[in-house]
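A.B. asks: Before I ask anything, here is the structure I am working with.
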Amino acid sequence: MRLVTVDTADGPAGGVITASGSIAALERWDHLSVEELLSAGPSGWDEVEREAANSPSDWGPESRLLSPITRPPRNMFCIGVNYVDHYDEGQRQNTSLPDIPIIFTKAWTTLIGATDDIVVDRRATTMVDWEAELAVIIGLGGVNISEADALRHVFGYCLANDVSARDLQRAGGTFAQWHKGKSLDTFCPLGPSIVTAASAPDFETLQVQLTVNGVPKQSFRPDTMVHPIPKIIAYLSLGMALLPGDIILTGTASGVGLWQDPQQFLVAGDVVEVTCDGLGTLRNKVVDRVAD
């Protein structure tokens, strides 16, 4: 099952992709949004999954898709330094890889859809970078979740681009501004759909790729994470309840612009694509914001 949020004349509306590739409104099952369906629990999910494939169409496949979750329950959780080659490219060989997941947050107001523009205010940053990531969507909430039970709490997966303002992120030296550097408006394309765990491809076959203007920059397999998804969920939930609709960005691999020689950053007109067979494609153009 693949869930989407459609941009309609009446505002964002939750939908599910049918067997024909069209979109059926979740309102047919009394859920106005993807977030409402997630909160309904497994019985609600199962009902939609049983009936969605052959449901009548409400919107065509050409519909503009927003971020599949437009208003998560809180900021997104992000995992830093979760691929060995990204650790290595940052010239951090004199330090040790962390034994526990490194957590920071990214404002939910950064969320945009799979084809929306990344809008950059150059008064805020001149060093805009890309980070392709696999995103995990929590379905069943819980606290103190064990690694053995962690995947039962995953509703599904989608793609993300953790767009980063490196000059803001690294400002202040020891007192680096990670949250500010990660949280500028439009700095998180997400989607194009949430693919439920049961429908997602086998992790051993996943290959996430990122290009800028068609030039390959990143290519990695999520099954090579330093801290796998069950460990991340167990660590996050220790003493802190996870909620239905929580979004976890699981980290990026090597190939970011910051560590190119010379450094490479996004400029107006660039097109960034993140793609993975079975999960879809994000294709976002970079535009500069006109000064207010």
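A.B. asks: Could you grab me the full set of residues in segment 148-172 that are of a type in the set (Asp, Glu) and under 11 Å from Ala135 (Cα atoms)? Walk me through how you get there before you give the answer.
C.D. replies: Residues of segment 148-172 that are of a type in the set (Asp, Glu), as a first pass: 149, 162, 167.
Once the filter is applied, which keeps residues that are of a type in the set (Asp, Glu) and under 11 Å from Ala135 (Cα atoms), segment 148-172 yields only Asp162.
A.B. asks: Of everything in segment 92-116 that's assigned to a loop (DSSP other than H, G, I, E, B) and at pLDDT 90 or above, which residue is farthest from Leu66 (Cα to Cα)? Full working, then the answer.
C.D. replies: Step one: of segment 92-116, the residues assigned to a loop (DSSP other than H, G, I, E, B) are 92-101, 107, 113-116.
Next, only the ones that are at pLDDT 90 or above stay: 99-101, 107, 113-116.
Values: Asp99: 36, Ile100: 33, Pro101: 29, Ala107: 17, Gly113: 4, Ala114: 7, Thr115: 8, Asp116: 8 Å.
Within segment 92-116, the match that is farthest from Leu66 (Cα to Cα) is Asp99.
A.B. asks: Now, a different point. Applying the selection to segment 191-216, what residues are touching a residue at least 40 places away in the same chain (Cβ under 8 Å) and among the β-branched types (Val, Ile, Thr)?
C.D. replies: Ile194, Val195, Thr196, Thr205, Val208, Thr211, Val212
A.B. asks: Okay, moving on. Might you check whether a residue that is under 25 Å from His86 (Cα atoms), surrounded by fewer than 21 Cβ atoms within 10 Å (Cβ to Cβ) and among the β-branched types (Val, Ile, Thr) occurs anywhere in segment 261-268?
C.D. replies: Yes: segment 261-268 contains one or more residues that are under 25 Å from His86 (Cα atoms), surrounded by fewer than 21 Cβ atoms within 10 Å (Cβ to Cβ) and among the β-branched types (Val, Ile, Thr).
A.B. asks: Would you confirm, using the coordinates I've provided, whether Leu3 is part of a strand (DSSP E or B), of a type in the set (A, V, I, L, M), in contact with a strand residue (DSSP E or B) (Cβ under 7 Å, 6 or more places away or on another chain) and within 20 Å of Gly245 (Cβ to Cβ)?
C.D. replies: Here the answer is yes, as Leu3 does meet what is asked.
A.B. asks: I need a count of the residues in segment 41-64 that are aliphatic (A, V, I, L, M) and at pLDDT below 95.
C.D. replies: Quick first cut of segment 41-64, residues aliphatic (A, V, I, L, M) only: 48, 52-53.
Adding the requirement that they be at pLDDT below 95 leaves 52-53.
Qualifying residue count for the region: 2.
A.B. asks: Here's another thing I want to ask about it. Would you point out which residue out of Asp129, Asp85 is modelled with pLDDT of 95 or more and charged (D, E, K, R)? Break it down stepwise before answering.
C.D. replies: Numbers: Asp85 fails: modelled with pLDDT of 95 or more.
Only one candidate qualifies: Asp129.
A.B. asks: Would you check which residues across segment 120-145 are in contact with a Lys or Arg (Cβ under 7 Å, 6 or more places away or on another chain) and of a type in the set (Asp, Glu) and list them?
C.D. replies: Answer for segment 120-145, where residues must be in contact with a Lys or Arg (Cβ under 7 Å, 6 or more places away or on another chain) and of a type in the set (Asp, Glu): Asp121, Asp129.
A.B. asks: Within segment 114-164, how many residues are among the polar types (S, T, N, Q) and either under 17 Å from Leu249 (Cβ atoms) or within 11 Å of the chain's Cα centre (by Cα) (or both)?
C.D. replies: 2
A.B. asks: Here are the criteria: (1) out of contact with any Lys or Arg (no Cβ under 9 Å at 6 or more places or on another chain); (2) exposed (fewer than 13 other Cβ atoms within 10 Å of the Cβ); (3) part of a loop (DSSP other than H, G, I, E, B). Tell me which single one Ala148 does not satisfy.
C.D. replies: The failed condition is (3).
A.B. asks: Of all residues in segment 75-91 being assigned to a loop (DSSP other than H, G, I, E, B) and in contact with a helix residue (DSSP H, G or I) (Cβ under 7 Å, 6 or more places away or on another chain), which is surrounded by the fewest Cβ atoms within 10 Å (Cβ to Cβ)?
C.D. replies: Of segment 75-91, the ones assigned to a loop (DSSP other than H, G, I, E, B) are 75, 81-83, 90-91.
Then drop every residue that is not in contact with a helix residue (DSSP H, G or I) (Cβ under 7 Å, 6 or more places away or on another chain), which leaves 75, 81, 83, 90.
Working: Asn75: 18, Val81: 18, Tyr83: 22, Gly90: 14.
Once the filter is applied, the top-ranked residue is Gly90.
Quick grid of which residues meet (1) part of a strand (DSSP E or B); (2) in contact with a strand residue (DSSP E or B) (Cβ under 6 Å, 6 or more places away or on another chain); (3) modelled with pLDDT under 95; (4) over 12 Å from Trp130 (Cα atoms):
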{"position": "Thr211", "(1), (2), (3), (4)": "yes, yes, no, no"}
{"position": "Ser219", "(1), (2), (3), (4)": "yes, yes, no, yes"}
{"position": "Asp223", "(1), (2), (3), (4)": "no, no, yes, yes"}
{"position": "His227", "(1), (2), (3), (4)": "no, no, no, yes"}
{"position": "Tyr235", "(1), (2), (3), (4)": "no, no, no, yes"}
{"position": "Gly245", "(1), (2), (3), (4)": "no, no, no, yes"}
{"position": "Ile248", "(1), (2), (3), (4)": "yes, yes, no, yes"}
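A.B. asks: Within segment 41-60, can you find the residues that are surrounded by 13 or more Cβ atoms within 10 Å (Cβ to Cβ) and assigned to a loop (DSSP other than H, G, I, E, B)? Give the derivation first.
C.D. replies: So in segment 41-60, the residues surrounded by 13 or more Cβ atoms within 10 Å (Cβ to Cβ) come out as 41, 44-45, 47-49, 51-53, 55, 57-59.
If the condition is that a residue be surrounded by 13 or more Cβ atoms within 10 Å (Cβ to Cβ) and assigned to a loop (DSSP other than H, G, I, E, B), then Gly41, Ala53, Ser55, Ser57, Asp58 are the ones that fit.
A.B. asks: I've got another one for you. Residue check, Ile102 against (1) in the same structural domain as Phe155 (by TED's automatic domain parsing); (2) over 19 Å from the mean Cα position of the chain (by Cα); (3) free of Cβ contacts under 8 Å to residues at least 60 places away in the same chain, all met but one. Which one?
C.D. replies: All conditions pass for Ile102, except number (2).
A.B. asks: So which residues in segment 19-40 are assigned to a loop (DSSP other than H, G, I, E, B) and modelled with pLDDT of 95 or more, if there are any at all? Before the answer, list the steps.
C.D. replies: Our first condition is that a residue be assigned to a loop (DSSP other than H, G, I, E, B); within segment 19-40, this holds for 19-22, 30-33.
Across segment 19-40, the qualifying residues are Ser22, Asp30, His31, Leu32, Ser33.
The values are calculated or read from the model by the stated rules, or taken from the named source; none is laboratory data. This structure is a prediction, so every number in the text was calculated from the model and none was measured. Note that each Cβ is placed from the backbone with ideal geometry, even for glycine, and that neighbours are counted across all protein chains shown.
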